[in-house]
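Values quoted throughout were computed directly from the atomic coordinates according to the rules given, and no laboratory measurement underlies them. Predicted model, so just to flag it, every value in this text is computed and none were measured. Cβ: placed from backbone, ideal geometry, glycine included. Neighbour counts: every protein chain shown.
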Ligand code: ADP
Ligand code: MG
């Protein structure tokens, strides 16, 4: 008989990393989420070689107190929830306390953080702290990741070309920028600026940054409300459709989610206006009581469980239908971009 043993932390972190850290884009997602949860208003994202060479995320959020930085890298260590009740009413993007230990376990990670007084810089290699020193007192956090997957060869091999990886990172950054127009995002790849948003809280301006001015000029605002849900956002006029579903972005309480039924609800709003095989371009934001949504379904939190999915779908469909019924009443004239 083999002996049953609890795994050593470094091994269990690596197993968790298998779920949380699939590729550079997953790291970028987790670190941007942490910055947003820290109330950052300005977030810088720099990747080199699609993030395979290095990833750097700098935020001006509240920082981590110097005496808690090591704790942040322990498994299931989080400042975001404390009890069962919190778990069922999640208001932050993170809550599992898994991202930092997972990322650190498969890379060389340097974090520099300060709450506005004395700052600290910590370097970890394969999850082990190899250096600690005082650093700048400027409020905020910066994290640099190198040697990604150096100790997980299969994962390293699974990485695609630099173009594919940077494409995934761009998707993540674009969605975050669309979800948070009040935050200023600066994103560079190999030193080249890819996205810059002003943070002036105008969603249509972010749409223009992400999809181009031409596209933004074809978007119309949507609005919907029920007792449980508030729906807002923009949809493109039916003249502008896409060949893929991925241009329908749905955000619930600031979190990008994937949900087949809700995507269908968007399509239904267009009814017969969509040509067969074509999909709308839409940015739909839903605000709702966090107790009506279970985000603790999958480590990446892309899929969520909703208690009244159909009712929400109806509010979305109606909100979209309404703009297009009004559309037909307004004489069509070319709009200036
Ligand atoms: P989670 O986000 O689920 O709490 P993480 O492993 O991502 O878990 O982070 C652990 C903790 O470290 C967070 O709860 C937070 O207190 C702190 N932290 C991480 N990143 C930042 C950041 N950029 N700014 C301030 N605090 C941070
Ligand atoms: Mg987190």
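Remarks
- Our estimate of slack between residue 188 and residue 291, defined as 0.36 nm per intervening residue step minus the Cα-Cα distance, is 33.4 nm.
- Computed Rg/Rh of the chain, alpha carbon atoms with Kirkwood Rh: 1.00
- Cα-Cα P(r), segment 218-327, percent of pairs per 10 Å interval: 15, 51, 28, 6, 0
- Length-normalised contact order for segment 9-196 - Cα pairs under 8 Å, 6+ apart - percent: 28 percent
- Prolate/oblate/rounded label for segment 173-215 (Cα gyration tensor, a/c 1.5): oblate
- In degrees, nearest ten, helix 260-270 long axis to first principal axis of the chain (Cα): 30 degrees
- On the beta carbon distance between residue 138 and residue 41, with R0 = 22 Å, the FRET formula returns roughly 0.95.
- Principal-axis analysis of the Cα atoms of the chain puts helix 9-20 at an angle of about 10° to the longest axis.
- Cα-based values for segment 1-55, radius of gyration first and Dmax second, are 16.0, 56 Å.
- 10 Å binning of all Cα-Cα separations within segment 9-196, expressed as whole percents from 0 upward: 10, 38, 39, 13, 0
- Bridges between two residues of segment 9-196, per DSSP, are antiparallel at a rate of about 85%.
- Here each label is just a point 7 Å from Cα along the line to Cβ, and for residue 89 and residue 220 those points are 3.8 nm apart.
- Additional length obtainable on full extension of the chain from residue 157 to residue 268, 0.36 nm per residue less Cα span: 35.8 nm
- Computed from label points 7 Å out along Cα-Cβ, the spacing between residue 258 and residue 230 is 2.9 nm.
- Tensor-based shape of segment 93-149 (alpha-carbon gyration tensor, a/c under 1.5 rounded, otherwise prolate or oblate): oblate
- Label-to-label distance, nm, for residues given as residue 278 and residue 196 (7 Å Cα→Cβ offset): 3.4 nm
- Helix axis angle, 162-179 relative to the chain longest principal axis, alpha carbon, degrees: 70 degrees
- Tensor-based shape of segment 63-169 (alpha-carbon gyration tensor, a/c under 1.5 rounded, otherwise prolate or oblate): oblate
- Theoretical gain in end-to-end length, residue 309 to residue 80 [0.36 nm per residue, Cα-Cα removed]: 79.8 nm
- Relative contact order [Cα under 8 Å, 6+ residues apart], the chain, whole percent: 15 percent
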